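Shown next, in structure tokens, is the structure this report addresses.
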């Protein structure tokens, strides 16, 4: 019934957090959301049609670390109820048809393997074919090391698909949430026509500790957080969760030359 805020450390009644869209009512800390909860908050009446739901990862490298890769996949499926670390759907936002891909951080850290890359690439292709705006919500630890080069190739594949979308003049809005790191940041998460982030989201390529060890310098306060990136021109806006849907709708209407709702 109660939980502790990660930032202000206050004990908060869980229902108060839920009623506040999973944001701490005391300090504004944004708790992480599952992909399904994110879709409920973004889309009209929380309704959508999932596409490509049956794609599942293979084990091309027969990878084993502390446990075999297929075991990790199975455990993540059981934990999240998802088959992979991204959910792709068709839905509407304020009546505007959209294609939405939302990453599931609780599935192997939202890492991008072959299936994640394939599903997002297909989402781009559907947006291109049906001339619908694309929205991708990122929450990822980056490329999936268990698939090696197969994972890294997804960066180029998705980026190439997005170039086609850009040439066709179809809007792509990228939403970066906590965390968005590694190869996801280095590819599609930063390629939106507009890049929006939630407050205090960790966004970067390598982690702060790795960077400090490499350059042997202390990093500035707030480095790799949304506000720091906005100040340095890498984001277009930092938007609170309770204003996110409204902001995206306004952008869609602007891109599509539609009157205000």
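Things to note:
- The order of 247, 214, going from fewest to most other C-beta atoms within 10 Å of their C-beta, is 214, 247.
- Computed FRET value (nearest 0.05) for residue 6 with residue 231, which takes r as the C-beta separation and R₀ as 25 Å: 0.65
- The alpha-carbon atoms of the stretch 27-89, seen along their principal axes, cover 42, 35, 17 angstrom, with the largest extent given first.
- Sorted by Cβ density within 10 Å, fewest first, the residues 1, 155, 103: 1, 155, 103
- Calculated over the stretch 1-113: convex hull of Cα atoms, volume per residue (Å³): 135 Å³
- Averaging the Cα positions of each part gives two centres, and for the stretch 83-111 and the stretch 133-202 these lie 12 Å apart.
- Length released on extending from residue 256 to residue 168, taking residue separation times 0.36 nm less the Cα-Cα span: 30.4 nm
- Packing-based exposure ordering (other Cβ within 10 Å, fewest first) of 251, 21: 21, 251
- Global size of the stretch 40-186: 15.0, 47 Å for Rg and Dmax (C-alpha atoms, Rg to one decimal, Dmax whole).
- Quotient of Cα Rg and 2.2 N^0.38 Å for the chain, N being how many residues it contains: 1.00
- Springs join every pair of Cα atoms under 10 Å in this Gaussian network model of the chain, and among 49, 154, 224 the largest mean-square fluctuation is at 49.
- Based on the Stokes-Einstein relation at 10 °C and a viscosity of 1.306 mPa s, and on the Kirkwood radius from alpha carbon pairs, the stretch 62-104 is assigned a translational diffusion coefficient of 128 µm²/s.
- The chain: most fluctuating residue of 190, 77, 112 per GNM, C-alpha cutoff 10 Å: 77
- Cα point-scatterer Debye curve for the stretch 132-250, base-10 log of I(q)/I(0) at q = 0.13, 0.22, 0.23 Å⁻¹: -0.54, -1.27, -1.33
- Most fluctuating residue given options 199, 97, 70, as computed from a GNM of the chain linking Cα atoms under 10 Å: 70
Rule-based calculations on the coordinates, nothing more; no lab input. Keep in mind that what you see is a predicted model, and the values were worked out from it rather than measured. Glycine also receives a Cβ, built like all others from the backbone with ideal geometry; neighbour counts cover every protein chain displayed.
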